[in-house]
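Worksheet for the structure shown next.
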Amino acid sequence: MAMFIRVHVSPEAASQPELVKKLVEVCPVDIFAQGPQGSLQIVEENLDECTLCDLCVQACPQGAVHIVKLYDE
Ligand code: SF4
């Protein structure tokens with residue numbers, strides 16, 4: 001079964017290098033990466049690996065990260 005999701009990270013959170021570093025560390029399937037300026041990059045090709053573990057949501061201030069389920073196959 002494949003899960004299709006979209007990750008929304010608030011611009012404020014995405015521009016904080018320390019927070020981005022945390023996201024990179026917690027995601028078990030490498031959906032988050034850190035760009036050269038420390039800003040957030042979403043690794044699109046890994047999105048379908050999301051386990052909905054919620055670790056990214058818990059690692060950030062409330063409301064900063066949303067995982068949106070698009071559909072289940
Ligand atoms: S819910 Fe888990 S697997 Fe999905 S993006 Fe967040 S940390 Fe990664």
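Estimated from helices alone, the mean residue ellipticity of the chain at 222 nm is -6000 deg cm²/dmol (sum of -39500 (n - 2.57) over DSSP H runs with n ≥ 4, per residue). Taking the C-alpha atoms only, the angle from helix 17-26 to the longest principal axis of the chain is near 30 degrees. Within the stretch 3-72, all pairs of alpha-carbon atoms sorted by distance into 10 Å bins from zero give the percentages 22, 59, 18, 1. Distance from a point 7 Å along Cα→Cβ of D48 to each backbone N in the stretch 2-30: keep the residues under 14 Å and list them by number. Counting backbone N atoms under 14 Å from the label point, the list is 2-6. For the chain, the relative contact order comes to 47 percent (Cα pairs under 8 Å, sequence separation of at least 6).
Read-outs throughout are calculated quantities, based only on the coordinates presented, and are distinct from any laboratory measurement. Quick caveat, the model's predicted, so the values are computed rather than measured. With ideal geometry, Cβ positions are generated from the backbone for all residues, glycine too; neighbour counts draw on all protein chains shown.
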